[in-house]
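> Sending over a structure as structure tokens; questions will come in a sec.
The values are calculated or read from the model by the stated rules, or taken from the named source; none is laboratory data. Quantities reported herein were computed from a predicted structural model and do not represent experimental measurements. Because the Cβ atoms are built from the backbone with ideal geometry, glycine has one as well, and the counts that use them run over all protein chains shown. Side chains included, ligands, DNA and RNA excluded: accessible areas come from the protein's heavy atoms. Shrake-Rupley method; radii C 1.70, N 1.55, O 1.52, S 1.80 Å.
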Amino acid sequence: MTALHDAPTALERLDRQPYTYVRRELVEPDWRRFPGWAHVTDAQWRDAQWQRVNCVKNVKQLRKVAGDLLTEKFYDDLAADQENFATMSMLLPPQMLNTMAVDAPLSPAEFTDAFLADPVRRYMLPVRSDRDPRWPSHPHSQRDSLHEAEMWVVEGLTHRYPTKVLAEMVSTCPQYCGHCTRMDLVGNSTPLIDKHKLSLKPVDRQDQMIEYLKKTPGVRDVVVSGGDVANVPWPQLESFLMRVLDIDTVRDVRLATKALAGLPQHWLQPRVVEGLERVARTASRRGVNLAIHTHVNHAQSVTPLVAEAARTALEVGVRDVRNQGVLMKGVNATPDDLLDLCFALQGEANILPYYFYMCDMIPNAEHWRVSVWEAQELQHAIMGYLPGYATPRIVCDVPYVGKRWVHQLEEYDRELGISYWTKNYRTGIELEDPEALNRRYPYYDPISTLGETGQKWWAGQS
Ligand code: SF4
């Protein structure tokens, strides 16, 4: 029995937990450490237009910003990736680039090392040496790995779940993430990937979406996405949202925008804030839950400007701002990284940590993906620290199934890294399929995480 005087002090109690919560103040890193931004003023930094004009889109532009802070070897590594592996073109708003290598020493060798190891850099600016040397892609990877386009009921409107639809308003974003699930459609073509294009005019596509929603009263939840809704001209987005809110049967509307974190300046522009307020007021009058869903993957990205953008949206009447991150090795796939991020979001920015998706099986993503058992362990490790309602679920988006909590699998062959999943609803393309609900749907772990036997088996298959 422990004597009273042996009882741990408050500090020791913290130290004895696998994760130690410490409240951290948000900071906007000083962008003037980059030679190309040495003279950029606060007013320019807060200006959404300045941010958009000064996005980094290629190696040459990165050189102009970072100059000799990065070594030639780094620039070559980046160019090699763009040429041979990238499924997304480069597009980095200064705001995002500024959250990389935040406290790094400013000597080229040390800054480059810190930049290479940086979790935000790892997914926003991938380099050749990041990729898995043996299995850059899983043999079952696919361009449209979730088969969203197969489930379009009109161009850009995916009807996958019984009561929800995803409306892809635009195929561009203010920033491009290396691991983008919609790499098939979103962004500019890369040397490796010739992107598909939306063919209808936006106005015609939106008309068709509205018609579908009107004649399909079973759909009550509309995710208005892209790309990123921050790239839809505001008057166009507001008009579409008002038309959606006019449909009685729609009860939830969610706006998907990574720009809340990547370009918070967009969501702080007076005309956008005023427009958002009109939409939020209309939603509230009609009893519709209007929310913003953003995509933040690391605590470093949660800066005071991001918190200000989220709070502004809440102040003007948006019911919730939630985060759907993506679980990625080298970025956030440790309990500490996930919990640090969740506490920054929930405690400092009023953004609800909601989901972490496992990174999807797109080409050249194996170095980011984690196996299902690793995701299960992470889910276990993050339980109990955050309020229950703010404890994110780690989910696997299983092709032809949809999101499943990572513990929901039916069977798991750990040797070959194949998990099997079932579902309780039909997607839009299976309404006549008698076997849809009896079938087991496979999902594949990254081959590099398997033992020798599993790796040999896959080598034989390919
Ligand atoms: S913001 Fe979303 S849609 Fe745009 S590139 Fe990133 S993951 Fe893809």
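> Mind pulling up the Rg/Rh value for region 23-130? Radius of gyration and Kirkwood radius, both on Cα.
On the way: Rg = 13.6 Å, Rh = 14.3 Å.
Taking Rg over the Kirkwood Rh, I get 0.95.
> Please report the orientation-averaged projected area of region 138-278, defined via the convex hull of its C-alpha atoms, in nm².
One quarter of the hull surface, i.e. the mean projection, equals 9.1 nm².
> Ignoring any ligand, DNA or RNA, what whole percent of the accessible area of the chain comes from carbon and sulfur when the probe is 1.4 angstrom?
Details: 10210 of 19930 Å².
Of all accessible area on the chain, carbon and sulfur atoms account for 51 percent.
> Report the far tail of the P(r) of region 396-462, meaning the percent of Cα-Cα pairs longer than 19 Å. Walk me through the intermediate numbers first.
Details: 895 of 2211 pairs.
I get 40 percent for the Cα pairs in region 396-462 exceeding 19 Å.
> For the pair LEU200/MET383, report the inter-label distance in nm, with labels modelled 7 Å from Cα in the Cβ direction.
It works out to 4.4 nm between the two label points.
> Where in the chain is the longest stretch that carries no chymotrypsin sites (Phe, Trp or Tyr not before Pro) classed as loop by DSSP and with at most 13 other Cβ atoms within 10 Å?
On the way: sites that count: TYR21, TYR425.
Counting at most 13 other Cβ atoms within 10 Å as exposed, the longest clean stretch of the chain is 22-424.
> Another question, then. Just to confirm, what accessible area per residue do you get for region 23-130 at 1.4 Å probe, in whole Å²? Intermediate values should be presented prior to the final figure.
Details: 5050 Å² over 108 residues.
Averaged over the residues of region 23-130, the accessible area is 47 Å².
> When the scattering of region 266-374 is computed by the Debye formula from its Cα atoms alone, each counted once and equally, what is log10 I(q)/I(0) at q = 0.13, 0.14, 0.20, 0.21 Å⁻¹?
Per q value, in the given order, log10 I(q)/I(0) is -0.56, -0.63, -0.98, -1.04.
> Rounded to whole Hz and in sequence order, give me ³J(HN,Hα) for region 140-145 from the Karplus expression 6.51 cos²θ - 1.76 cosθ + 1.60, θ = phi - 60°, writing x for Gly and Pro.
9, 5, 9, 4, 9, 5
> Okay, moving on. Starting at the first residue of region 117-126, write each ³J(HN,Hα) from the Karplus equation 6.51 cos²θ - 1.76 cosθ + 1.60 with θ = phi - 60°, in whole Hz, x for Gly and Pro.
7, 5, x, 6, 4, 4, 10, 8, 9, x
> Name the longest site-free stretch of the chain, where the excluded sites are trypsin sites (Lys or Arg not before Pro) in a DSSP loop with no more than 11 other beta-carbon atoms within 10 Å. The partial results should precede the final answer.
Details: sites that count: ARG16, ARG23, ARG134, LYS197.
No qualifying site falls inside 198-462, the longest such stretch.
> Based on the inverse mean of 1/r over its pairs of different Cα atoms, what is the Kirkwood hydrodynamic radius of region 338-422, in Å? List each step's numbers first, then the result.
On the way: mean 1/r = 0.0717 Å⁻¹.
Computed over region 338-422, the radius equals 13.9 Å.
> Oh, and also: Once all Cα-Cα distances of the chain are split into 20 Å bins that start at 0, what whole-number percent is in each one?
Result returned by the calculation: 23, 58, 18, 1.
> Roughly what % antiparallel, to the nearest 5, for the DSSP beta bridges in region 149-461? Working shown, then result.
Details: 16 of 43 bridges.
Percentage antiparallel, nearest 5: 35.
> Between the alpha-carbon centers of region 302-329 and region 381-438, tell me the distance in whole angstrom.
Here the two parts' Cα centres lie 26 Å apart.
> Among the GluC sites (Glu not before Pro) in region 349-438, which ones are in a DSSP loop with at most 16 other Cβ atoms within 10 Å of the Cβ? Mind listing them?
On the way: sites: GLU366, GLU374, GLU377, GLU410, GLU411, GLU415, GLU430, GLU432, GLU435; in loops: GLU366, GLU410, GLU415, GLU430, GLU432, GLU435.
Here the GluC sites (Glu not before Pro) that fit, given the DSSP loop and packing criteria, are GLU410, GLU415, GLU430, GLU432, GLU435.
> While we're looking at this one, here's another question. Counting only heavy atoms of the protein chains, get the accessible area per residue of region 328-458 (1.4 Å probe) and round it to a whole Å² value. Write out the running numbers ahead of the final one.
Details: 5280 Å² over 131 residues.
Ligands and nucleic acids excluded, the result is 40 Å² per residue.
> So, one more: Measuring from centroid to centroid over Cα atoms, what is the spacing of region 18-96 and region 198-261 in Å?
31
> Something else: Could you compute how fast region 226-282 diffuses translationally, taking Rh as the Kirkwood radius over C-alpha pairs and applying Stokes-Einstein at 20 °C with viscosity 1.002 mPa s? Give it in µm² per second.
Values: Rh = 11.9 Å.
Using the Kirkwood radius from Cα pairs, D works out to 180 µm²/s.
> A follow-up question, please. Students often get this wrong: which residues of region 355-390 have the backbone nitrogen under 13 Å from the point 7 angstrom along Cα-to-C-beta of GLN142?
It comes to 361-363, nothing else.
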